[in-house]
Amino acid sequence: MTSPLPDLEPLTPAPHPRGLTAGQRLRNYFLTGIVVSGPVVITIYLSLWIINWVDGWVKPIIPQIYLPETYLPFAIPGFGILVLVFGLTILGFLTANLVGRTLLDFGETLLARMPVVRGVYRSMKQIFETIFSQSGTSFRTVALVEYPAPGCWSIVFPSTPPSAEVSTGLPKGEDYISVFLPCAPNPTTGFFFYLPRHKVIEVPISVDDAAKIVMSLGLLKPEEEDPRKAAIAAAALLKGRKKPTEIGPPPSI
């Protein structure tokens, strides 16, 4: 005779964690849409603004017969940029030869005789030559300085040592360097001053990453190196250095 089965209590489902409400889900979807579309929209807007600005400046000086909209029912955006790049390339090519260099020296001589224009031209020439110099070291590194108060550190871009005229007014016995401290969130404005070189601490980040930190008010951080990529690069380097003579004989059977 079989014993009766014991009374079993009915199983109750486990309580589920409370989910998001419909309003919270809609808010998250809305914020996600802003994060996804915001950078794309701003990039497209700025690109179109630059293209239209260059076109509006270059196209009026181009004869109407050479404009594409003369033969097409619509305008081609970016045609002014193509003409500007082509014109600057031709100008650089002509300046590189003897005739172009002679004409350039003649133009600089005329500008040097104008009382007000010569100062502006010399300053602009030095700035452009420094920025676009292939061998220069200005604005190639990033550093930290203790500013504006002790214990507070700011990102700066080291530049060049002071000139001989400026060095005469600086305290003796110190090796000074000029630095530019950008303001957030607009790094094109800031402060320029001279500091002793030992007070300027260089950090191993690029100028682009430092500009991102300043513009984002510290929200963006330099991307860390992927350890997998570093391991692959190290393995490739070791494989390239390995010589055939370093390979041992095959194992004996």
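Whole-Hz Karplus values for the stretch 93-100 come out as 5, 5, 6, 6, 8, 5, 5, x Hz, taken residue by residue from phi with 6.51 cos²θ - 1.76 cosθ + 1.60 and θ = phi - 60°; glycine and proline positions read x. Sequence-ordered 3J(HN,Hα) estimates for the stretch 108-125 from the Karplus curve with 6.51, -1.76 and 1.60 and θ = phi - 60° stand at 5, 5, 5, 5, 5, 8, 8, x, 8, 5, 5, x, 5, 5, 5, 5, 5, 5 Hz, glycine and proline given as x. Taking θ as phi - 60° and the Karplus parameters 6.51, -1.76 and 1.60, the scalar couplings of the stretch 189-197 work out to 10, x, 10, 10, 7, 9, 9, x, 4 Hz in sequence order, x denoting glycine and proline.
Between the beta carbons of Ile81 and Thr21, assuming R0 = 45 Å, the FRET efficiency works out to 0.35 to the nearest 0.05.
Shown for Val203, Val58, Val40: other C-beta atoms within 10 Å of each C-beta, ranked fewest to most, produce the order Val40, Val203, Val58.
Taking the stretch 183-203 and a reference point 7 angstrom along Cα→Cβ of Trp49, the backbone N atoms nearer than 19 Å belong to 184-189. In this entry, the stretch 65-122 is assigned a mean projected area of 6.1 nm², taken as a quarter of its C-alpha convex hull surface. Here, the stretch 142-215 has an Rg and a Dmax of 12.7, 36 Å when only alpha carbons are counted. Over 32 Å between C-alpha atoms is what I'm after, so list which of Lys172/Lys221; Lys125/Lys199; Lys59/Lys212 land there. Going by Cα-Cα distance, Lys172/Lys221; Lys59/Lys212 fall outside the 32 Å limit. Approximating the spin labels as points 7 Å out from Cα along Cα→Cβ, the Thr109-to-Asn97 distance works out to 2.1 nm.
Database remark: amide H of Val203 closer than 5 angstrom to the amide H of Val142, Ala143, Leu144 (H placed geometrically; neighbours at sequence offset of 5 or more, or on other chains; Pro and chain starts carry no H).
Each reported figure results from applying straightforward, stated rules to the coordinates on display, with no laboratory input. All figures in this text were calculated on a predicted structure; none of them were measured in a lab. Cβ atoms come from the backbone with ideal geometry, glycine included; neighbour counts cover every protein chain shown.
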